[in-house]
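A.B. asks: Here it is: the structure, laid out below.
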Amino acid sequence: MNRFLPIVTIVSALLGLILLSTTAVAVEWECGERSNLPQEGKNYCAAGDFRLADAELAMLFEQLLEIYQSSFEESAVLQQAQEAYLLYRQHHCIAENRRVLDKSYYDMMVAQCQTRLTNLRIDELQNILTRLPRE
């Protein structure tokens, strides 16, 4: 097992826990039509969107990592890039929404930013995946 993989997993888990801790509610919100939800529900749904995107990213990264290890016998550079991306995503979204830190919708805004950046990263990794040589 490569030494960087646990760090990537831990960072992703911590980000998920942070969002979960800020949106823990006794009610499960219906996230279909969000405009009628109270802010607590909107925060909950945005956190759920991020968790889904982050899970998709993690699966894609694992797939790409396996290909790098089998095709190139080296995956450190890919792991380092992913770790840098995860830190960038976290810090960027906090900085981007600093202006609303004291607002009830702060968690939603951070989660939406993280989802947006995660989807962009998924596209980037899929692009890498399609350009790799296949055995």
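A.B. asks: For the list (1) without any contact (Cβ under 8 Å) to a residue 24 or more places away in the chain; (2) at negative phi, I need the number of the one condition that LEU60 fails.
C.D. replies: (1)
A.B. asks: Return the total of residues in the stretch 68-110 being over 30 Å from LYS42 (Cα atoms) and touching a Ser or Thr at 6+ places or on another chain (Cβ under 6 Å).
C.D. replies: Of all residues in the stretch 68-110, those over 30 Å from LYS42 (Cα atoms) come to 68-81.
Checking which are touching a Ser or Thr at 6+ places or on another chain (Cβ under 6 Å) leaves us with 68-69.
So the count comes out to 2.
A.B. asks: Are there any pairs, at least 6 apart or on different chains, whose C-beta atoms fall under 9 Å, with the first in the stretch 19-37 and farther than 20 Å from CYS113 by Cα and the second modelled with pLDDT of 55 or more and loosely packed, with under 10 Cβ neighbours inside 10 Å, and if so, which?
C.D. replies: Every condition considered, no pair remains.
A.B. asks: It is to be established whether one or more residues within the stretch 116-124 are touching a His at 6+ places or on another chain (Cβ under 8 Å) and in a helix (DSSP H, G or I). Explain how you work it out, then say what you get.
C.D. replies: Start the filter on the stretch 116-124 by keeping residues that are touching a His at 6+ places or on another chain (Cβ under 8 Å), which leaves 117.
Going one step further and asking which of them are in a helix (DSSP H, G or I), we end up with 117.
Yes, there is a match, as at least one residue in the stretch 116-124 is touching a His at 6+ places or on another chain (Cβ under 8 Å) and in a helix (DSSP H, G or I).
A.B. asks: Which one is nearest to the chain's Cα centre (by Cα) among residues in the stretch 93-108 that are in a helix (DSSP H, G or I) and buried (at least 19 other Cβ atoms within 10 Å of the Cβ)? Walk me through how you get there before you give the answer.
C.D. replies: Our first condition is that a residue be in a helix (DSSP H, G or I); within the stretch 93-108, this holds for 93-96, 98-100, 106-108.
Restricting the remaining residues to those that are buried (at least 19 other Cβ atoms within 10 Å of the Cβ) gives 93, 107-108.
On the way: CYS93: 11, ASP107: 14, MET108: 14 Å.
For the stretch 93-108, the residue satisfying everything is CYS93.
A.B. asks: Answer with yes or no whether SER71 is surrounded by fewer than 19 Cβ atoms within 10 Å (Cβ to Cβ), of a type in the set (Gly, Ala, Ser) and in contact (Cβ under 8 Å) with a residue 12 or more places away in the chain. Give the steps one after another, and end with the answer.
C.D. replies: Working: surrounded by fewer than 19 Cβ atoms within 10 Å (Cβ to Cβ): yes; of a type in the set (Gly, Ala, Ser): yes; in contact (Cβ under 8 Å) with a residue 12 or more places away in the chain: yes.
When the stated conditions are applied, SER71 passes them.
A.B. asks: While we're looking at this one, here's another question. Taking SER70, is it small (Gly, Ala, Ser) and not in a helix (DSSP H, G or I)?
C.D. replies: Values: small (Gly, Ala, Ser): yes; not in a helix (DSSP H, G or I): no.
Judged against the criteria, SER70 is not a match.
A.B. asks: I'd like the residue in the stretch 31-55 that is loosely packed, with under 14 Cβ neighbours inside 10 Å and modelled with pLDDT of 95 or more and, out of all such residues, is farthest from VAL77 (Cα to Cα). Step through it out loud before you land on a result.
C.D. replies: Taking the stretch 31-55 first, the residues loosely packed, with under 14 Cβ neighbours inside 10 Å are 32-33, 35-36, 38-39, 52, 55.
From what's left, modelled with pLDDT of 95 or more: 52, 55.
Numbers: LEU52: 26, ALA55: 21 Å.
Residue satisfying both the conditions and the ranking: LEU52.
A.B. asks: If you scan the stretch 74-92, which residues turn out to be surrounded by 14 or more Cβ atoms within 10 Å (Cβ to Cβ) and among the acidic types (Asp, Glu)?
C.D. replies: GLU83
A.B. asks: As an exercise: evaluate LEU78 against (1) at pLDDT below 95; (2) in contact with a Lys or Arg (Cβ under 9 Å, 6 or more places away or on another chain) and give the number of the one condition it does not meet.
C.D. replies: (2)
The values are calculated or read from the model by the stated rules, or taken from the named source; none is laboratory data. It should be emphasised that the depicted structure is a prediction, and the values quoted were computed from it without experimental measurement. Here the Cβ is made from the backbone with ideal geometry for all residues, glycine too, and neighbour counts use every protein chain on show.
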